[in-house]
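A.B. asks: Questions regarding the structure given below will be posed in turn.
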Amino acid sequence: MPDSSKKYLSIVIPAYNEEFRLPKTLELVFNYLEKTDYSYEVIVVDDGSVDNTSQVVRENSNFSDKLKLISQESNHGKGFAVSIGVKESVGEYVIFCDADGATPIEEIEKLFESILSGSDIAI
C-alpha cells in the first residue's frame, strides 16, 4: 500500500436531491473502507439540490472526518458534479459512485485489479 500520509483513494459521489438514498450509501461506503487499509476521502458534491441533501451530509459527518461536502448553488448536471469532485480530490486513485449505491462499493476491488495490471482507466 502507498504511504498512508497521502490520500490513496478518493471517492466522489455526485448527488442531486438524494436526501433519502444518500445516508445508506454513505454508511455502506464507510463501513467498507474502514475494513480496508486504504487511506481515503469521500467527497459528496451536492449539485444544487432543492431538498435536504447537504444537510444530510453534514449530519452524517459523524461517519468520519474523511467526509467532505461541496455544495453547488444550482444544478449543472452529473458530469459537472463529478468533475468538481475529481478536481477537489487528493487521492492517488479517484473513483465515483452514484448516490443510490447501485454499484456495490466492493466492486472497486475489480477496478483496482485492472488498474494495477496496467490499465490507465477502469469502468
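Values in this text are rule-based calculations from the coordinates and carry no lab data. Since we're looking at a predicted model, the values are computed, not measured. Glycine gets a Cβ as well: all are built from the backbone with ideal geometry, and neighbour counts include every protein chain shown.
A.B. asks: Could you name the lysines whose alpha carbon sits less than 19 Å from that of residue 7, not counting residues in the same chain fewer than 8 places away?
C.D. replies: 35, 66, 68, 87
A.B. asks: For the ranges 51-58, 115-122, what's the packing order if you count other beta-carbon atoms within 10 Å of each residue, average per peptide, and put the highest first?
C.D. replies: Top of the packing list down: 51-58, 115-122.
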